[in-house]
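J.: This is the structure I have questions about; it appears just below.
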Amino acid sequence: MIVTQIENAIIGRLKQGLGQLVREVKSYSGELDGEAANVIRQLPAVWVTFGGIQGSELLSTARNKWRDRARFVVIVGTRNVRSDEASRHGGAAHSEVGSYPLVYAVRRLLGRQDLGLPVDFLMPGAVRTLFNTALQNQAMSVFACEFDTRFDQSALDNGKFPLAAADLPAGHDDLIFSDYSAASSSPDPDWLTTNLNYLLGGKEPPAAQDIISHQRDTSNDES
């Protein structure tokens, strides 16, 4: 799935680019919802999650292709025993990373990157405060950084179901349907010939006829 690929690619790039700035970079799994002590121990950290499809626009007059605008959210969190200000700006020690520099680093690493995927460049968006608070005598600062990208999708023909697994290439997104015994449709028949009739004065029968044969692609057939 393209959404999974994008999220994993963001995580991979941030792991490389942030180095030892944070303890971990991973997919968000509710880490901020846990006990205060557990939350504090994980910081500084970065978590990535899918923020949803923000809108879609049609790409063809046939209305069977569209471009989705997807949002991804990178959550950055830091802590500091000195003060709330130090949790945002950073402290005197090398290990006291501030949330402001960390937000900069994330936006710097991801802005205008396509991550090697068939998507538009990531566009940095809003940065929102999630927490600026004190827990167990430590200040915690957490921000959510939004990034938007776009990718193309296509529709099934009206009334059709996805193809069965045997008719799909390995790794295709539609394999999820076959994996769970969902309904499927047969592939369209091969286009083998085209008949061209030449009418004189627009009257039948044809004065001449051409039959054009189309070679069937057998590259994917089993031997």
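J.: If only one of Ala183, Ala208 is at pLDDT 75 or above, part of a loop (DSSP other than H, G, I, E, B) and on the phi < 0 side of the Ramachandran plot, which one is it?
T.: Numbers: Ala208 fails: part of a loop (DSSP other than H, G, I, E, B).
Going through Ala183, Ala208 in turn, the sole match is Ala183.
J.: Kindly establish whether Trp66 is free of Cβ contacts under 8 Å to residues at least 40 places away in the same chain, in contact with an Asp or Glu (Cβ under 7 Å, 6 or more places away or on another chain) and among the hydrophobic types (A, V, I, L, M, F, W, C).
T.: Values: free of Cβ contacts under 8 Å to residues at least 40 places away in the same chain: no; in contact with an Asp or Glu (Cβ under 7 Å, 6 or more places away or on another chain): yes; among the hydrophobic types (A, V, I, L, M, F, W, C): yes.
No, not satisfied.
J.: Then there's this: Within the range 184-199, is there a residue that is under 26 Å from the mean Cα position of the chain (by Cα) and surrounded by 10 or more Cβ atoms within 10 Å (Cβ to Cβ)? Working first, answer last.
T.: Taking the range 184-199 first, the residues under 26 Å from the mean Cα position of the chain (by Cα) are 184.
Okay, now just the ones that are also surrounded by 10 or more Cβ atoms within 10 Å (Cβ to Cβ), so 184.
The answer is yes; a qualifying residue exists.
J.: Is it true that Ala144 is in a loop (DSSP other than H, G, I, E, B), modelled with pLDDT of 80 or more and either out of contact with any His (no Cβ under 9 Å at 6 or more places or on another chain) or closer than 30 Å to Gly77 by Cβ (or both)?
T.: Numbers: in a loop (DSSP other than H, G, I, E, B): no; modelled with pLDDT of 80 or more: yes; either out of contact with any His (no Cβ under 9 Å at 6 or more places or on another chain) or closer than 30 Å to Gly77 by Cβ (or both): yes.
Here the answer is no, as Ala144 does not meet what is asked.
J.: Separate question: So how many residues does the range 12-59 have that are more than 21 Å from Ala70 (Cα to Cα), polar (S, T, N, Q) and under 24 Å from the mean Cα position of the chain (by Cα)?
T.: The number of residues fulfilling the criteria is 1.
J.: Turning to a different aspect of this structure: Here are some residues: Tyr100, Tyr28. Which one is at pLDDT 80 or above, open to solvent by less than 70 Å² (accessible area, probe 1.4 Å), on the phi < 0 side of the Ramachandran plot and among the aromatic types (Phe, Trp, Tyr)?
T.: Details: Tyr100 fails: open to solvent by less than 70 Å² (accessible area, probe 1.4 Å).
After applying the criteria, what remains is Tyr28.
J.: Kindly evaluate Arg107 against the criterion of being touching a Cys at 6+ places or on another chain (Cβ under 7 Å) and open to solvent by 70 Å² or more (accessible area, probe 1.4 Å). First the steps, then the outcome.
T.: Values: touching a Cys at 6+ places or on another chain (Cβ under 7 Å): yes; open to solvent by 70 Å² or more (accessible area, probe 1.4 Å): yes.
Answer is yes for this residue.
J.: Just give me the residues in the range 66-77 being open to solvent by 80 Å² or more (accessible area, probe 1.4 Å) and at pLDDT below 90, in sequence order.
T.: Filtering the range 66-77 for residues open to solvent by 80 Å² or more (accessible area, probe 1.4 Å) gives 69.
If the condition is that a residue be open to solvent by 80 Å² or more (accessible area, probe 1.4 Å) and at pLDDT below 90, then no residue fits.
The values are calculated or read from the model by the stated rules, or taken from the named source; none is laboratory data. Since the model is a prediction, treat every value here as computed from it, not as a measurement. Positions of Cβ are backbone-derived with ideal geometry, glycine not excepted, and every protein chain shown enters the neighbour counts. For the accessible areas, the whole protein counts, side chains as well, though only heavy atoms, and no ligand, DNA or RNA atoms are used. Shrake-Rupley method; radii C 1.70, N 1.55, O 1.52, S 1.80 Å.
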